[in-house]
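A short worksheet on the structure shown next.
The values are calculated or read from the model by the stated rules, or taken from the named source; none is laboratory data. Quick caveat, the model's predicted, so the values are computed rather than measured. Every residue, glycine among them, receives a Cβ derived from its backbone with ideal geometry; neighbour counts consider all protein chains shown. Calculation scope for accessible area: heavy atoms of the full protein, side chains included, ligands and nucleic acids excluded. Shrake-Rupley method; radii C 1.70, N 1.55, O 1.52, S 1.80 Å.
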Amino acid sequence: MISIRPGRVDCTGALRLSTTAFCFCLLLIPAAARAESNAGLQTFRAEYSLYAKNTKAAQVVRSLARLDDGSYEYRSETKTVGLISLFRKLHIVESSRLILEERMLKPVHYSYGRTGYRKKRDVSIEFNSETNKIKNTINDDFWHLPMEPAVMDKLLYQLAIMYDLQNGRTPASYRIADGGKIKTYDFEKLGEEVVETPLGSFNTIKMLRHKPGSSRKSVFWCAPDLEFLQVKVEHTEKDGSTTVAVLKSLQGELQQRLPGTDLKSVP
């Protein structure tokens with residue numbers, strides 16, 4: 001989620017931006033993991049328009065690619081656009097390298113890079129199942145955390161929402177390596193809702209990510225017809241400011257599920 005709020009630019013793994021700011025060592029892959037079934041992981045490239053106060057503020061591109069060794073790369077790229085880009089130019093790239101093993105998405109390596117009007121920031125997280133350690137590096141500093149079962153990075157959990165819903169599991173929480181700690185992201189199913197996008201109307205499952213006692217929240221609208229891809233994401237900050245990301249175009253294997261398989265994008 002990308003959120004816009006005064007005072008700083010921050011990025012979490014969810015599509016996020018703020019008024020004066022915004023946020024949306026490769027390990028060896030065992031042979032058994034490379035042979036894992038690809039069922040449920042269809043490649044895609046999804047472009048979103050992100051709005052703050054009904055004004056387009058950023059473009060977000062999410063993609064899932066299948067690599068030659070059988071692993072996957074889930075990637076997010078965010079750029080400011082329009083008027084905000086004239087005085088708050090910002091470029092953020094996140095990626096999560098993962099494997100599908102025992103019907104679970106398992107992270108291998110996470111990276112985050114930010115360039116623009118603020119100080120450059122580079123983050124990497126390595127998930128080493130052999131040593132049972134997570135190495136977190138921010139710029140030139142690093143430290144280790146103990147590995148936990150089913151732990152993920154803060155980008156991968158959004159793909160995990162899709163995958164779990166595809167397999168009949170409604171997520172209640174995920175354990176996330178975030179900011180040098182293992183945090184719990186809690187979820188709640190709010191029901192079903194029809195969402196209008198430039199690609200048409202979609203029936204969706206509405207999922208809420210929230211923290212008990214906090215007014216800050218994120219809502220994901222996941223479309224069953226698109227393998228539960230998020231067609232809309234809304235983030236609300238503690239001060240009540242809200243940003244909304246809406247699906248604008250879709251390519252890749254998921255494109256075949258759109259009404260009219262020749263439809264690639266909407267200007």
- In nm, spacing of pseudo-spin labels at K181 and N54 (7 Å Cα→C-beta vector): 3.8 nm
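For segment 170-210, with only Lys/Arg (+1) and Asp/Glu (-1) charged at the beta-carbon, what is the dipole magnitude about the Cα centre, in debye rounded to 20?
Details: 6 positive and 6 negative charges, 63 e Å.
Roughly 300 debye, rounded to the nearest 20.
Over segment 148-267, what relative contact order in percent results from Cα pairs under 8 Å that are six or more residues apart? Display every interim value, and only then the final one.
Working: 224 pairs, mean separation 20.4, N = 120.
In percent, rounded to a whole number, it is 17.
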- Carbon plus sulfur fraction of accessible area for segment 97-149, probe 1.4 Å, in percent: 48 percent
- Task: Give me the accessible area per residue for segment 35-129, probe 1.4 Å, as a whole number in Å².
- Result: 47 Å²
- Task: Provide the descending list of Cα extents for segment 74-205 along its principal axes, expressed in whole angstroms.
- Result: 46, 46, 22
- Query: Which links in K133/K206; K53/K106; K154/K206; K89/K181; K135/K238 stretch past 28 Å when you go from one Cα to the other?
  - Reply: K133/K206; K53/K106; K89/K181; K135/K238
- Message: Please compute, for the alpha-carbon atoms of segment 118-267, the extent along each of the three principal axes and give them in descending order in Å.
- Response: 49, 38, 36
